[in-house]
Amino acid sequence: MGMVVKNNMSAVSTLNTLNKNSNALTKSLAKVSSGMKINGAADDASGYAISERMRVQIRGLDQANSNTQNGSSMMKVAEGAVSSTVDILKTLKEKVINAANDTNTDSDRATIQKELDQSIDQINDNANVTYNGKLLVDGSHNSEVKATSTALSNQSLSTDTTGTTKFCEMKDRNGNSLNINSMDKVTISFVKQGKTYTTSVSATNSLSDLIKAANSQTSEAAFSTAIGTNSYIGKDVAGDTVATADATNALTITAGGSSVKNQISGLTISVTNTKGAVQKSANAVLDNFSESIRAQNKSTDNAMVLQVGTKANQSIKVGLTDMRAEALGLQSSSGANIQIGTQQQANAAISVLDNAVAKALDQQTTIGSIESRLEYTSANLTTASENVQSSESTIRDANMAKEMTEYTKNNVLMQAAQSMLAQANQSSSSVLSLLQ
């Protein structure tokens, strides 16, 4: 190239190189200072989009994990309330067994009644426990429930036993006679709305006859006149048919109406001979009625939803049943507690406490299973978040050793370009020697 003064192309070329080196140095500096090799879409358009999607997923997983842990905390509060109720019920079982013993006077039973009343009041307090202002086990967060009736089934009697079978002809599951004499007396005691009812018939009568006699004592029929004898016990809260555990015939007594107010909270049947002695062998079989369907009020679906995933409907529904004293059969709708003022009342109350414990333990099992599931869910979300973050790191994070090497190179090139630009700018001055 000839010697010119208007266009110093060497300087222009060197300046362009300097600008390139400056841009490269700026990018290296951004990567080193941020620790990321992709700082914007211009660095890697597709990589940036993938990384951002992963970041959204990571934040969603972390929030879902937080939701899960909060849900677990809420379940722990509910479990604490139900556990306290179970402890109270265990104590009350001891008290009513004590009250059923005739070594106690009526005054002693009155004293025990006071303790029972206070304990029942505490059960209601337990049911009103809250988490973040939400009541948990008062029935306000039940799943959808169709009104159900109390069903009490006996799977110890012979499968051919019906409601019209005379007591003196009844047999056990193995076909052995219960040895109930025709002169024996059969007594039924049951609790409805906190009140104890007792009636007796001779052993020549049937369970249907005994139920009719029992119904005559109440203003509203306590029991359904129909006594089930097939494998189908009744309808559950979902409206589905409930069968016996072994899918065989079982004698089933059903409450006269549905919902909690019509529930039979306790039932006991006893056989005594003409001398008043209890027929223990017969009682062990005949009195073995257990609650196969719990009475519940009709309810819309008020179950709580725990969002435990990053997509819509990735959730766990939690329905908690009513743990108040009335729902457990310990109290009437008007607030009257079960009574243990007499031996008969205390004896019937034992059955009430057995059923109440079963209901509370069932709720405790439900809560415990949900807590266990939430622990697994939290562990899964933690692992998923970790793995996605590892993938995002591979795309986005800078290799600092490599970037420092690149930065050093660009810095040296930048300084070299600056030096050469200074030299190029001096080259035009040599033209002046020709003008002298």
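Miscellaneous remarks
- Residue list for region 372-419, filter: among the basic types (Lys, Arg) and either touching a strand residue (DSSP E or B) at 6+ places or on another chain (Cβ under 9 Å) or more than 24 Å from Ala30 (Cα to Cα) (or both): Arg373, Arg396
- Unique residue being closer than 30 Å to Val388 by Cβ, touching a strand residue (DSSP E or B) at 6+ places or on another chain (Cβ under 8 Å) and not hydrophobic (A, V, I, L, M, F, W, C) when the list is Gly40, Gly60, Gly71: Gly71
- Selection status of Leu267, of a type outside the set (Ser, Thr, Tyr), under 21 Å from Thr164 (Cα atoms), over 29 Å from the mean Cα position of the chain (by Cα) and at pLDDT below 90: no
- Residue check for Glu403: over 44 Å from the mean Cα position of the chain (by Cα), surrounded by 12 or more Cβ atoms within 10 Å (Cβ to Cβ) and assigned to a helix (DSSP H, G or I): yes
- Candidates Thr148, Thr196, filtered to the one that is of a type outside the set (Gly, Ala, Ser), in contact with a Lys or Arg (Cβ under 9 Å, 6 or more places away or on another chain) and either at pLDDT below 95 or not in a loop (DSSP other than H, G, I, E, B) (or both): Thr148
- For region 264-305, the tally of residues that are farther than 23 Å from Ala358 by Cα and buried (at least 23 other Cβ atoms within 10 Å of the Cβ) stands at 2.
- Breaking point among (1) of a type outside the set (A, V, I, L, M, F, W, C); (2) over 30 Å from Gly139 (Cα atoms); (3) surrounded by 17 or more Cβ atoms within 10 Å (Cβ to Cβ), for Lys95: (2)
- Check on Glu386, assigned to a helix (DSSP H, G or I) and crowded, with 16+ Cβ neighbours inside 10 Å: no
- Scanning region 21-46 for residues that are surrounded by 14 or more Cβ atoms within 10 Å (Cβ to Cβ), in a helix (DSSP H, G or I) and either touching a Ser or Thr at 6+ places or on another chain (Cβ under 6 Å) or of a type outside the set (Ser, Thr, Tyr) (or both) yields a total of 8.
- Which listed residue is outside any helix (DSSP H, G or I), buried (at least 16 other Cβ atoms within 10 Å of the Cβ) and at pLDDT 95 or above, from Thr161, Thr204: Thr204
- Only one of Gln339, Gln314, Gln343, Gln364 that is closer than 17 Å to Asn128 by Cα and surrounded by fewer than 23 Cβ atoms within 10 Å (Cβ to Cβ): Gln364
- Residue within region 240-251 that is in contact with a Gly (Cβ under 9 Å, 6 or more places away or on another chain), over 30 Å from Ala379 (Cβ atoms) and surrounded by 21 or more Cβ atoms within 10 Å (Cβ to Cβ) present: yes
- Search result, residues across region 233-262 that are in contact with a helix residue (DSSP H, G or I) (Cβ under 9 Å, 6 or more places away or on another chain) and either under 25 Å from Lys93 (Cβ atoms) or at pLDDT 90 or above (or both): Ile253, Ala255, Gly256
- Matching residues in region 239-249 - criterion: being under 20 Å from Lys359 (Cβ atoms) and either of a type in the set (A, V, I, L, M, F, W, C) or assigned to a strand (DSSP E or B) (or both): Val242, Ala245
- Residue check for Met74: touching a Phe, Trp or Tyr at 6+ places or on another chain (Cβ under 7 Å), surrounded by 15 or more Cβ atoms within 10 Å (Cβ to Cβ), closer than 30 Å to Gly309 by Cβ and touching a residue at least 40 places away in the same chain (Cβ under 8 Å): yes
- Exactly one residue among Asp138, Asp108, Asp102 is touching a residue at least 24 places away in the same chain (Cβ under 8 Å) and surrounded by fewer than 14 Cβ atoms within 10 Å (Cβ to Cβ), and that residue is Asp102.
The values are calculated or read from the model by the stated rules, or taken from the named source; none is laboratory data. It should be emphasised that the depicted structure is a prediction, and the values quoted were computed from it without experimental measurement. All Cβ positions, glycine included, derive from the backbone under ideal geometry; neighbour counts span all protein chains shown.
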